[in-house]
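Only one structure is covered here, and it is reproduced in the block below.
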Amino acid sequence: MTLLIKKYQKRCRILTKKLNKIKENQAYTVWEENIALPTQVPIHTPSSPDAAKEATTEQGILKSSGNLKRRPSLEFRKKCFKDRFQQKIKQGNDSIQELIKSFYEDDINSRIGAGKKQYVKKFGIIKQKRYLLDSVKNLHKKFLEENPNILISYVTFTRLRPFWVYLPRDDRETCACMAHTNIDLMILALKKNKIVDIRNYRDMLHVLCCDKYNKKCVGRDCKTCKNRVISYNEFNNTDEIEYHEWCRDKKKLSSKEINIVKKFTRKIMPKDLILKLEHSLPKFFIHTVNILNQHQAVTLLKESLNHDETLLHMDFSENYSYKFAEEVQSLHFGGSRGQVSLHTVVAYLKEGRETVNHCLCTVSECTRHDSPAVWAHLQKALQFVFEKCPYITTAHILTDSPTSQYRNKQIFYILTQLRDTFPSLKLVTWNYQESGHGKGAPDGIGAVVKRTADHQVKCGRDVGGFFNIPCSCSRKY
Ligand SMILES: [Zn+2]
Ligand SMILES: [Zn+2]
């Protein structure tokens, strides 16, 4: 195939050369004719007043005929090429642009910022910020591997990055998972003491796996890379080194003990730290392969959704504190400021041939986030879905997995009771995302709702309760 293409390319080149020669010859003849004609015409003596005029016209013709022969300048050609290229990107390759955009927005390549201030406005479009989970160079490689039919240069790939997708370094990681962060902190401590040359878990996966997006490689099943190890430099094991670690801890609050997460600074011998890192690697690889598997399964589920199926991706958003346009000073102190809890859902439904997503947010004055609260919010979400599509028989629910909210025995009881409220429901699946990696589309909805409320406050209105809102409007779509 490639041989055939080369052969035809060569032929094309020969033909264009011939064509150019013919064109050049034609240009020469025109040039000669133009010269010949005026030289024959003047019969006047050179002293005549018209002679000078004739001469100038002759020069003019010479000049113009000379232009016919000359090729366009390099800059002009470059500009033409650039214009054509940009036109190609603008018009013909819309699908490629869309493909790259959706690739950047994929949850495995970037994560959504959950904060209400993490948005960007450009060209009148407001978008929630996303942060890349890998360098653009690696993502470009991954894109080319996933789409072998598309040839796109690295420069074009970077140029087509949507303005709301940020590079990983632009953000302080506030929602990172503990497993990933602890590995990063250990590697950082070793790197500081010049024991390893890698800087973070991404570098480590790059060293240990042929392809860090391949489940076989990350699952340590690949024959080529399963025996690879991290290389350590020589070190002095007599001095202790410092490293940080995130750990769960218990804190006494009046009579109750609550679980908190705390960052500890510890001192350890370098060898022990290396052993600790090596010991935590198998767990880390299982964690990473789970993320890859889950992402693949969810993407497949979204793509292959049937008309009688729905996928509800849901999460609790951070509570919203009431705000008033004019606040008395005492509101700032004590527990005067009321709060509402926000539960956000993205409902995926098959409408016609396409999968359509509906974003909804249920708001409640009860700030509990436990299973009874989940049940109350879920009922509203399912009611909305049944209003849209009454013939739904299967509901897939996708959530993150905190034990206090979604992953507990009460939720399983709720699952059995769903049929009483929604008799047409025949199958319900509850899919838990890997812990610490549950960020997704619902977080964006929470941010939009809070921003809208903040905007109302800025415009002089109060956001201080449900007083003026009719019951059905407490649900914002
Ligand atoms: Zn993680
Ligand atoms: Zn491999």
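A search for C-beta distances below 8 Å between a residue of segment 111-123 that is assigned to a strand (DSSP E or B) and any residue that is open to solvent by less than 30 Å² (accessible area, probe 1.4 Å) and of a type in the set (D, E, K, R), counting only pairs 6+ apart in sequence or on different chains, returns Arg111/Arg130; Ile112/Arg130; Ile112/Asp443. Applying the criterion of at least 3 residues that are open to solvent by less than 50 Å² (accessible area, probe 1.4 Å) and within 16 Å of ligand 2 (Cβ to nearest atom) to the helices (runs of 4 or more DSSP H) found wholly in segment 129-230 leaves 201-208. Report whether or not Lys101 is at pLDDT 85 or above and either assigned by TED's automatic domain parsing to the domain that holds Thr452 or more than 25 Å from Phe316 (Cα to Cα) (or both). For Lys101, the condition - at pLDDT 85 or above and either assigned by TED's automatic domain parsing to the domain that holds Thr452 or more than 25 Å from Phe316 (Cα to Cα) (or both) - is met. Restricting attention to segment 402-423, the residues being open to solvent by less than 50 Å² (accessible area, probe 1.4 Å) and either within 16 Å of ligand 1 (Cβ to nearest atom) or over 21 Å from Gln294 (Cα atoms) (or both) number 5. Can you pull out the residues in segment 394-424 that are of a type in the set (Ser, Thr, Tyr) and in contact with a strand residue (DSSP E or B) (Cβ under 7 Å, 6 or more places away or on another chain)? If the condition is that a residue be of a type in the set (Ser, Thr, Tyr) and in contact with a strand residue (DSSP E or B) (Cβ under 7 Å, 6 or more places away or on another chain), then Thr394, Thr399, Ser401, Tyr406 are the ones that fit. Kindly provide the set of residues from segment 123-140 that are closer than 16 Å to Ser102 by Cα and out of contact with any Pro (no Cβ under 9 Å at 6 or more places or on another chain), ordered by number. Once the filter is applied, which keeps residues that are closer than 16 Å to Ser102 by Cα and out of contact with any Pro (no Cβ under 9 Å at 6 or more places or on another chain), segment 123-140 yields Gln128, Lys129, Val136, Leu139, His140.
Residues checked against (1) touching a residue at least 24 places away in the same chain (Cβ under 8 Å); (2) under 23 Å from the mean Cα position of the chain (by Cα); (3) within 24 Å of Gly436 (Cα to Cα):
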{"position": "Ile268", "(1), (2), (3)": "yes, no, no"}
{"position": "Ala297", "(1), (2), (3)": "yes, yes, yes"}
{"position": "Glu303", "(1), (2), (3)": "yes, yes, no"}
{"position": "Asp308", "(1), (2), (3)": "yes, no, no"}
{"position": "Gly338", "(1), (2), (3)": "yes, no, no"}
{"position": "Lys350", "(1), (2), (3)": "yes, no, no"}
{"position": "Leu360", "(1), (2), (3)": "yes, yes, yes"}
{"position": "Arg368", "(1), (2), (3)": "yes, no, yes"}
{"position": "Val374", "(1), (2), (3)": "yes, no, yes"}
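Only one entry in Glu257, Glu318 is in the same structural domain as Leu190 (by TED's automatic domain parsing), away from ligand 2 (no atom under 16 Å from the Cβ) and either among the aromatic types (Phe, Trp, Tyr) or open to solvent by 50 Å² or more (accessible area, probe 1.4 Å) (or both), namely Glu257. When we screen Thr429, Thr399 for residues that are surrounded by 19 or more Cβ atoms within 10 Å (Cβ to Cβ) and in the same structural domain as Phe316 (by TED's automatic domain parsing), the only hit is Thr399.
For residues that are hydroxyl-bearing (Ser, Thr, Tyr) and surrounded by fewer than 17 Cβ atoms within 10 Å (Cβ to Cβ), scanning just segment 260-299, find the one that is farthest from ligand 2 (Cβ to nearest atom). Before the answer, list the steps.
Within segment 260-299, the first condition is being hydroxyl-bearing (Ser, Thr, Tyr), and the residues that meet it are 265, 280, 288, 299.
Next, from what is left, pick out any that are surrounded by fewer than 17 Cβ atoms within 10 Å (Cβ to Cβ): 265, 280, 299.
On the way: Thr265: 36, Ser280: 21, Thr299: 22 Å.
For segment 260-299, the residue satisfying everything is Thr265.
Could you say which residue among Arg228, Arg266, Arg199, Arg248 is in contact with a strand residue (DSSP E or B) (Cβ under 8 Å, 6 or more places away or on another chain), of a type outside the set (A, V, I, L, M, F, W, C) and more than 16 Å from ligand 1 (Cβ to nearest atom)? Don't jump to the end; show me each part of the working.
On the way: Arg228 fails: in contact with a strand residue (DSSP E or B) (Cβ under 8 Å, 6 or more places away or on another chain); Arg199 fails: in contact with a strand residue (DSSP E or B) (Cβ under 8 Å, 6 or more places away or on another chain); Arg248 fails: more than 16 Å from ligand 1 (Cβ to nearest atom).
Result: Arg266 is the single residue among Arg228, Arg266, Arg199, Arg248 that is in contact with a strand residue (DSSP E or B) (Cβ under 8 Å, 6 or more places away or on another chain), of a type outside the set (A, V, I, L, M, F, W, C) and more than 16 Å from ligand 1 (Cβ to nearest atom).
Checked against (1) within 30 Å of Lys267 (Cα to Cα); (2) not assigned by TED's automatic domain parsing to the domain that holds Arg266, Arg199 meets all criteria but (2).
All told, Thr238 falls short of being within 16 Å of ligand 1 (Cβ to nearest atom) and either hydroxyl-bearing (Ser, Thr, Tyr) or in the same structural domain as Asn431 (by TED's automatic domain parsing) (or both).
The values are calculated or read from the model by the stated rules, or taken from the named source; none is laboratory data. The model shown is predicted, which means the values in this text are computed figures rather than measured ones. As a convention, Cβ positions derive from the backbone with ideal geometry for all residues, glycine included, and neighbour counts pool all protein chains shown. Side chains are part of the model used for accessible areas, which takes the heavy atoms of the whole protein and leaves out ligands, DNA and RNA. Shrake-Rupley method; radii C 1.70, N 1.55, O 1.52, S 1.80 Å.
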